[in-house]
Every structure is written in structure tokens, then in C-alpha cells.
């Protein structure tokens, strides 16, 4: 059985120095979809004490990071962003 990967857009409300409230504002199946939700919620946000961030389980996050890194190495963009690292010749 495959575990479904889910991304959350978390709303953080700060009512004081040590008084934070958290709630799930949106759920998404992909990081791209979650990012779009976050961007739109940030744009609509009219309160200084409210912020949004993305969250998921660690396996989903690491799989996304590794997959994106591997794609950047494969298409060469990693080496363009990191000229100090020599591109291997295969």
C-alpha cells in the first residue's frame, strides 16, 4: 500500500511573544499546488499577526528535495548555480 503524500499550508497566528496559534488552511497533493495556495493566501492576508508556511512529513520533503536536486544535476542547472563544483565528464 502506497502512502499518499500530502502538503499542508499552515496558518500561524501570533497573539504575543509566546502565544502562537497554528491551523491547517489548505491541503495539497503537490508542493507546487501548496506553494500556489500559500502565495495566494499571503496576497490576501490583511493582518500583521498572521503568516503562512508549508509543511509535510519528513519523507515527502526529503523525496522532493532529492528529486529536485537530481533533476538539476541531470539538466545542468545545478552546475550553473554552483560554478565552484566541477561538472563530471561521463
Exercise. With the chain treated as a Gaussian network of Cα nodes joined by springs under 10 Å, which of 17, 80, 59 yields the largest mean-square fluctuation?
Worked result: 17
Seminar exercise, completed: So for R0 = 30 Å, FRET eff. of residue 79-residue 4 from the Cβ-Cβ r, to 0.05, ends up at 0.30
For this session: Compute the length gained on full extension between residue 19 and residue 60: take 0.36 nm times their separation in residues and subtract their Cα-Cα distance, giving the result in nm to one decimal.
Result: 11.9 nm
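Read-outs: derived from the displayed coordinates by stated rules, not from any lab. This is a predicted model, so every value here is computed, not measured. Note: ideal-geometry Cβ built from the backbone for every residue, glycine included; neighbour counts use all protein chains shown.
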